[in-house]
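Below is one structure, written out as structure tokens, with a few remarks after it.
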Amino acid sequence: MVNERVWEGRELRLRSEHWEALRVLAAGEAVGHGWVGPRCGISAAVFRGLAGLGLCEMAPPEVLPTLGFGRQVGWAVRLTADGHDALLYEADRNAAPPQRPERPADPALRQVTLPSADMMVLRRYVTLWARLRCPPAEGLEQALRDAVQGAPGGRYEVWLTERQMASVARAFFLERVSGAGAPANRFGRECGAAHHRA
């Protein structure tokens, strides 16, 4: 667990040399005990800074002789779970954004664009599917996963069948009776779809 005091009042954004040091440690995980020593070519000061953030850990003095680096080794370091996850998160965050999807060949699909707030409503709705008396239309969850944020205004492009459109309208109906009518109003105005009671 990272000591929260380490984070107070400090600039936390890592520089390129820090990410490179973490990548060296990640490569070292695949070899033997996972500890990396001075031969990696990165200064101990870089690792000590990362250790202060909980992204790696320095070997205690009593462990150093057991690592096989030689008697004179002054330090060794390995990646922590936070360091591993930070690398994973950073790689995903900097990955190329998904390309705008091509129009599906299925003529039954209709493209709609939804703002982020409406997508949050729909994601909540599909997580409840097993408990709902009227569950979402088949394929709606996958359609939401396939949505790409690339339309003007940061909207999401989603391809839906008529049954999925009806499910979306029902989700916005549930949101309306829970206190927020904007998604239902917007969907009705832009897509001409509204929930009809059974």
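Since every read-out is calculated from the coordinates, none of them should be taken as a lab result. Predicted, not measured: the structure shown is a model, and the values here were computed from it. Cβ atoms come from the backbone with ideal geometry, glycine included; neighbour counts cover every protein chain shown.
Fewest-first ordering of 156, 89 by other beta carbons within 10 Å of each residue's beta carbon gives 89, 156.
Toward the positive end of the charge dipole of the chain, with +1 on the Cβ of Lys and Arg and -1 on the Cβ of Asp and Glu, the farthest Cα among 185, 116, 32 is that of 185. In order along region 162-174, phi translates into HN-Hα couplings of 4, 5, 5, 4, 5, 5, 4, 4, 5, 4, 6, 4, 4 Hz, rounded to whole numbers, per the Karplus curve 6.51 cos²θ - 1.76 cosθ + 1.60 with θ = phi - 60° and x for Gly and Pro.
Sorting 35, 129 from the fewest to the most surrounding beta carbons within 10 angstrom yields 129, 35. Of all segments of the chain bounded by trypsin sites (Lys or Arg not before Pro) found in a DSSP loop with no more than 15 other C-beta atoms within 10 Å, the longest spans 134-196. Springs join every pair of Cα atoms under 10 Å in this Gaussian network model of the chain, and among 142, 111, 72 the largest mean-square fluctuation is at 72.
Which GluC sites (Glu not before Pro) in region 107-169 sit in a loop by DSSP (not H, G, I, E or B) and have at most 12 other Cβ atoms within 10 Å of their own Cβ?
Answer by residue number: 138.
For region 25-42, 3J(HN,Hα) computed residue by residue from phi via the Karplus equation (6.51, -1.76, 1.60; θ = phi - 60°) reads 5, 5, 5, x, 4, 7, 10, x, 7, x, 7, 10, x, x, 5, 5, x, 10 Hz, glycine and proline entered as x.
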